[in-house]
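This report refers to the structure that appears directly beneath it.
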Amino acid sequence: MNDEPVHPVPDPPTIRAAIRLGCRAPSVHNTQPWRWVFDGTRLHLLRDTDRQLTAADPHGRQAVISCGAVLDHVRTAFAAEGWRTDTLRLPDPTRPDLLATIEFRRWPDPPVGVFRRAEAIDRRYTDRLPMNEPLGWGSVRLALDDLVSAHEVTLDVLDEGARARLSLASEQSDALRRYDMGYQAELRWWAGHPGTPEGIPPSALISESELARVGVARTYPTPGPSARRGDLDDHARLVVLTATGDTPATWLRTGEALSAALLECTASGMSTCALTHITETTAGRRLLSSLIGHPGIPQVVVRVGTAPDNQQFPPTPRRPLTEILTVP
């Protein structure tokens with residue numbers, strides 16, 4: 001007799017392991033604005049509204065994109081363990097903080113790509129330094145198109161002529177916020193502090209001289225003089241993820257597409273840096289719309305390149321599992 005439940009679910013150790021791995025997902029300022037609740041049958045993803053950036057992200061767009069990224073990371077982790085995750089997004093209109101509910105089915109033969117991307121989760125990091133151009137870009141670009149289109153998101157690669165205009169837009173975005181005391185206070189709160197389980201540590205930040213060679217980057221408090229990769233100007237490809245709308249549903253899908261793209265790039269030996277500061281302003285979005293040349297609302301810019309000599313940053317910190325996961 002088969003004693004397996006009619007509707008099998010992962011056991012608590014598997015739940016914890018998948019959430020721990022999946023929560024390596026990137027988030028704006030490494031705020032990690034998510035909570036997970038397992039009710040014994042289903043897994044629920046909730047947005048932690050207490051961790052929203054009130055100055056930089058008043059509508060919660062970047063927080064929801066961050067939650068979409070962790071949703072895809074977690075689903076990828078479960079898939080690699082043989083679990084299909086049937087996902088209902090925004091299941092309850094009366095609970096806007098409830099972003100997704102997952103039910104489980106056995107999945108004995110997930111695609112090979114799932115294992116590649118799951119293995120890449122621990123290796124993915126945000127590289128804010130100048131990069132070389134990505135090697136093998138043509139074949140990876142085709143894979144990225146397939147991955148993001150599954151989330152009703154388009155991926156556009158900007159030509160080299162767009163770099164100067166986007167660098168200017170990045171500088172203008174920073175200039176608009178330079179004397180915004182609320183925005184600057186958020187940056188100082190979330191960036192540059194060592195030994196915390198959240199935020200961006202000093203090791204992940206770049207100096208003014210490094211920033212000048214990147215061009216398209218958010219300006220954080222600088223860790224001091226440094227000239228890492230000093231002989232390198234940035235040659236990363238600039239990629240734009242564009243959604244069909246501008247609602248929590250499209251933000252969540254954008255985050256899922258972003259996650260899949262970042263993991264595929266990592267699995268292919270590339271480095272990445274996701275940027276949302278340009279799309280915080282109307283002018284930045286208008287410029288990106290003119291550069292991609294088709295309908296839609298630009299949500300995220302991603303730099304994709306190759307780190308020289310496979311040079312990487314140390315892993316950024318993550319909150320303890322007890323703070324983000326509830327298991328009966």
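Points worth noting:
- The residues listed here are Thr222, Thr196; of these, the one that is in a loop (DSSP other than H, G, I, E, B), surrounded by fewer than 15 Cβ atoms within 10 Å (Cβ to Cβ) and among the hydroxyl-bearing types (Ser, Thr, Tyr) is Thr196.
- Conditions (1) over 24 Å from Ala260 (Cβ atoms); (2) in contact with a Gly (Cβ under 7 Å, 6 or more places away or on another chain): number failed by Thr154: (1)
- Considering Thr244, Thr254, the condition of being of a type in the set (Val, Ile, Thr) and surrounded by fewer than 18 Cβ atoms within 10 Å (Cβ to Cβ) is satisfied by Thr244 alone.
- No other residue among Leu147, Leu155 is part of a helix (DSSP H, G or I), surrounded by 18 or more Cβ atoms within 10 Å (Cβ to Cβ) and modelled with pLDDT of 95 or more apart from Leu147.
- For Ala162, the criteria (1) at pLDDT below 95; (2) within 23 Å of His73 (Cα to Cα); (3) of a type in the set (A, V, I, L, M); (4) more than 19 Å from the chain's Cα centre (by Cα) hold in every case but one, which is (2).
- Which listed residue, of Gly230, Gly269, Gly284, is assigned to a helix (DSSP H, G or I) and either modelled with pLDDT of 95 or more or more than 21 Å from Arg47 (Cβ to Cβ) (or both): Gly284
- Here Val37 does not qualify as aliphatic (A, V, I, L, M), outside any strand (DSSP E or B) and in the same structural domain as Ala17 (by TED's automatic domain parsing).
- Qualifying residue in segment 14-22 (condition: over 15 Å from the mean Cα position of the chain (by Cα) and polar (S, T, N, Q)): yes
- Checked against the criterion of being within 18 Å of Pro26 (Cα to Cα) and crowded, with 17+ Cβ neighbours inside 10 Å, the candidates Ile292, Ile324 yield just one match: Ile324.
- The residues of segment 116-144 that are surrounded by 15 or more Cβ atoms within 10 Å (Cβ to Cβ) and of a type in the set (Lys, Arg), listed by number, are Arg116, Arg117, Arg124, Arg128, Arg141.
- Where Cys273 falls short, out of the listed (1) touching a helix residue (DSSP H, G or I) at 6+ places or on another chain (Cβ under 8 Å); (2) crowded, with 20+ Cβ neighbours inside 10 Å: (1)
- Only one of the listed residues (Ser209, Ser203, Ser167) is surrounded by fewer than 21 Cβ atoms within 10 Å (Cβ to Cβ), over 22 Å from the mean Cα position of the chain (by Cα), at pLDDT below 95 and not acidic (Asp, Glu). That residue is Ser209.
The values are calculated or read from the model by the stated rules, or taken from the named source; none is laboratory data. This structure is a prediction, so every number in the text was calculated from the model and none was measured. Glycine also receives a Cβ, built like all others from the backbone with ideal geometry; neighbour counts cover every protein chain displayed.
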